[in-house]
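The values are calculated or read from the model by the stated rules, or taken from the named source; none is laboratory data. Being a predicted model, the structure only gives us computed values, none of them experimental. All Cβ positions, even for glycine, are placed from backbone atoms using ideal geometry, and neighbour counts span all protein chains on display.
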Amino acid sequence: MMVNDGLQAMINLFVHLIVLILTWWALLSLKIDVFVRHPRSLRARILYVLLAIAISYPVARFFLDYVNWSLMLPQLYN
């Protein structure tokens, strides 16, 4: 099943955004004061953002790749 490029781009953006939001939410439970001197500083907030991006990107890629690979499975029997 082929999906047009615009729709695929929109789905990719949506999945990446959802996973980023979930990662941010999960990171909020992390007690950052143990790792950072000033947890309310701009540097600490930037660290949160970078951590969320670094974790969410591979997770989103995994889900998107998994879906793409499962959509290609019927081609095995053609």
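Quick notes on this structure:
- Restricting attention to region 29-49, the residues being within 26 Å of Phe63 (Cβ to Cβ) and modelled with pLDDT under 90 number 1.
- Residue that is farthest from Ile18 (Cα to Cα), among those in region 50-78 that are surrounded by 10 or more Cβ atoms within 10 Å (Cβ to Cβ) and among the polar types (S, T, N, Q): Asn68
- Of the residues making up region 50-78, those that are under 23 Å from the mean Cα position of the chain (by Cα) and either aliphatic (A, V, I, L, M) or outside any helix (DSSP H, G or I) (or both) number 12.
- Checked against the criterion of being surrounded by 14 or more Cβ atoms within 10 Å (Cβ to Cβ) and under 12 Å from the mean Cα position of the chain (by Cα), region 42-49 has no qualifying residue.
- For region 1-27, taking the residues that are over 15 Å from the mean Cα position of the chain (by Cα) and surrounded by 10 or more Cβ atoms within 10 Å (Cβ to Cβ), the one that is nearest to Asn78 (Cα to Cα) is identified as Val3.
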